[in-house]
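Undergrad: Dumping the structure here so I can ask a few things about it.
The values are calculated or read from the model by the stated rules, or taken from the named source; none is laboratory data. This structure is a prediction, so every number in the text was calculated from the model and none was measured. Cβ sites come from the backbone with ideal geometry, for glycine too, and all protein chains shown count toward neighbours.
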Amino acid sequence: MMKHVLYIGWLGFHNVGDELLWNLFAAYARQYAPDVRITPSTPTVNWKDISPYDAVVLGGGSLLLPGYMAVLHEAHEAGKPIWIWGSGIDWIGPSATAALLAGANPALGSHFSANDAERFRTVLAAAAFAGIRGPLSEAALQTLGACSSNVRVIGDPGLLLAPPAQAEPPNKEKTIGLNWGTTYNRLFGQNEALVEDTLARAAKMWIANGYRIYLYTVWPNDRPACERLYRKINCPERVTFDRAPYNEQQLLHLLRPFTATVNFKLHANVLSLAAGVPAVMLGYRFKVFDFAASIGLERCVVSTASPQLETDLLETVAFAEDQQHRIIAQYETARRRYVPLLLEPFKRGLFL
């Protein structure tokens, strides 16, 4: 009888990052387990009811959260296999993030209760495959006493994205791609308006230095914020605001000619790097620092809570342009390390 697997992700909301993670999972599942039926957790699916499924997968994204752990725990209690494929932690604040980056063990009680920690411990230990996104997620789990011996850092599944095949490398344009949007003020520094104003000033500086600016989004809800930034820069002859919705493959082609990108959303960074373009990552939440640490590009992160945000942005974009070949080489080195780990559960036939 055909096995039926539930894939849990934040799907059905036209967020390019979450959709590309599902697209990658589905593609490899078709390749390695063509006889397995997989249902993604779109809004029409009651993913909290695990009774129809033979196994449950927690997919890519920042899904190491108590609510999702409860569903995995229920599946485990029902004797169903569970596995975790590149999920990560998020929502840890700036001071605790800085402490974890420094190798310390901050108190995380304001983020996770003792019951949460116990649930993490049980689920991760029970998982047939427990692959998490980055070293900061691992450090947080260790701090909670929830990092069982089978937990491994396997990277963000977006690392499976390959650059589009092209006979010739693209002619580089003196263009900075700028991804902006909203997280409804839930960002480090808690001042989205200040970050937006700072980006507008930085963009004017880049324009004065001969760059073009290309504004783009990876989520429809981000368009009003991007529209506002476009108006604040107020230089339509040097700024393009691309309002079109794109999928991941279209974005890979779109970004390839750019000098560098500055990105708000996490997977805009992944897409930029996969396209061979250095990414300056706006460190607006824990997950950005986690991803950057996983690929050894912490130098490319600019915290949105920085007291010298504009200076940091200008200096980091200059660094990215100057070191673009080294940055992409570093990314490719990390990618080669993680791809076998991301493919391991498929190749091991955990569905079968």
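Undergrad: Mind listing just one residue for me: the one in region 276-331 that is assigned to a loop (DSSP other than H, G, I, E, B) and of a type in the set (Ser, Thr, Tyr) and, of those, farthest from Leu136 (Cα to Cα)?
TA: Ser306
Undergrad: Which condition breaks for Gly86 when tested against (1) part of a helix (DSSP H, G or I); (2) under 14 Å from Asp290 (Cβ atoms); (3) not aromatic (Phe, Trp, Tyr)?
TA: (1)
Undergrad: Another question, if that's okay. Using the structure shown, decide if Thr44 is touching a Leu at 6+ places or on another chain (Cβ under 6 Å) and among the polar types (S, T, N, Q).
TA: no
Undergrad: Considering only residues of region 199-242 that are of a type in the set (Phe, Trp, Tyr) and in contact (Cβ under 8 Å) with a residue 60 or more places away in the chain, which is surrounded by the most Cβ atoms within 10 Å (Cβ to Cβ)?
TA: Trp206
Undergrad: Pick from region 276-310 the residues that are touching a Ser or Thr at 6+ places or on another chain (Cβ under 6 Å) and among the aliphatic types (A, V, I, L, M): which of them is nearest to Thr198 (Cα to Cα)?
TA: Leu309
Undergrad: Search region 136-156 for residues being charged (D, E, K, R) and not in a loop (DSSP other than H, G, I, E, B), and hand back the single one that is surrounded by the most Cβ atoms within 10 Å (Cβ to Cβ).
TA: The residue in question is Glu138.
Undergrad: Then there is this: Taking the residues in region 157-174 that are modelled with pLDDT under 95 and hydrophobic (A, V, I, L, M, F, W, C) as candidates, determine which candidate is surrounded by the most Cβ atoms within 10 Å (Cβ to Cβ).
TA: This residue is Ala162.
Undergrad: Moving on to the next point. I'm told Thr183 meets every condition in (1) in a helix (DSSP H, G or I); (2) surrounded by 15 or more Cβ atoms within 10 Å (Cβ to Cβ); (3) polar (S, T, N, Q) except one. Can you identify the failing condition by its number?
TA: Against the list (1) in a helix (DSSP H, G or I); (2) surrounded by 15 or more Cβ atoms within 10 Å (Cβ to Cβ); (3) polar (S, T, N, Q), Thr183 comes up short only on (1).
Undergrad: While we're here: Which ones in region 237-265 are in a strand (DSSP E or B) and either in contact with a helix residue (DSSP H, G or I) (Cβ under 8 Å, 6 or more places away or on another chain) or modelled with pLDDT under 95 (or both)? Quick ask: steps written out before the conclusion?
TA: Quick first cut of region 237-265, residues in a strand (DSSP E or B) only: 239-241, 260-263.
Result: Val239, Phe241, Ala260, Thr261, Val262, Asn263.
Undergrad: Filter region 224-242 down to the residues that are more than 21 Å from Thr183 (Cα to Cα) and aliphatic (A, V, I, L, M) and list them by number.
TA: Val239
Undergrad: Let me ask another. How many residues does region 300-345 hold that are under 30 Å from Phe129 (Cβ atoms), buried (at least 17 other Cβ atoms within 10 Å of the Cβ) and out of contact with any helix residue (DSSP H, G or I) (no Cβ under 8 Å at 6 or more places or on another chain)?
TA: Result for region 300-345: 2.
Undergrad: While we're on this one: Return the only residue of Leu136, Leu159, Leu141 being within 19 Å of Leu58 (Cα to Cα), touching a Cys at 6+ places or on another chain (Cβ under 8 Å) and of a type outside the set (Lys, Arg).
TA: After ruling out the rest, the residue left standing is Leu141.
Undergrad: Looking at Gly349, Gly283, can you tell me which residue is modelled with pLDDT of 95 or more and not β-branched (Val, Ile, Thr)?
TA: So the residue among Gly349, Gly283 that is modelled with pLDDT of 95 or more and not β-branched (Val, Ile, Thr) is Gly283.
The rows are residues; the columns are (1) assigned by TED's automatic domain parsing to the domain that holds Gly134; (2) in contact with a strand residue (DSSP E or B) (Cβ under 9 Å, 6 or more places away or on another chain); (3) assigned to a helix (DSSP H, G or I); (4) not aromatic (Phe, Trp, Tyr).
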{"residue": "Phe13", "(1), (2), (3), (4)": "yes, no, no, no"}
{"residue": "Glu19", "(1), (2), (3), (4)": "yes, no, yes, yes"}
{"residue": "Trp22", "(1), (2), (3), (4)": "yes, yes, yes, no"}
{"residue": "Ile38", "(1), (2), (3), (4)": "yes, yes, no, yes"}
{"residue": "Trp47", "(1), (2), (3), (4)": "yes, yes, no, no"}
{"residue": "Tyr53", "(1), (2), (3), (4)": "yes, yes, no, no"}
{"residue": "Val56", "(1), (2), (3), (4)": "yes, yes, no, yes"}
{"residue": "Leu63", "(1), (2), (3), (4)": "yes, yes, no, yes"}
{"residue": "Tyr68", "(1), (2), (3), (4)": "yes, yes, yes, no"}
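Undergrad: While we're here: I'd like to check something: does region 66-77 contain any residue that is surrounded by fewer than 16 Cβ atoms within 10 Å (Cβ to Cβ), among the acidic types (Asp, Glu) and at pLDDT 95 or above?
TA: Yes; the residues of region 66-77 include at least one that is surrounded by fewer than 16 Cβ atoms within 10 Å (Cβ to Cβ), among the acidic types (Asp, Glu) and at pLDDT 95 or above.
Undergrad: Quick check: anything in region 206-213 outside any helix (DSSP H, G or I), among the basic types (Lys, Arg) and not assigned by TED's automatic domain parsing to the domain that holds Gly60?
TA: yes
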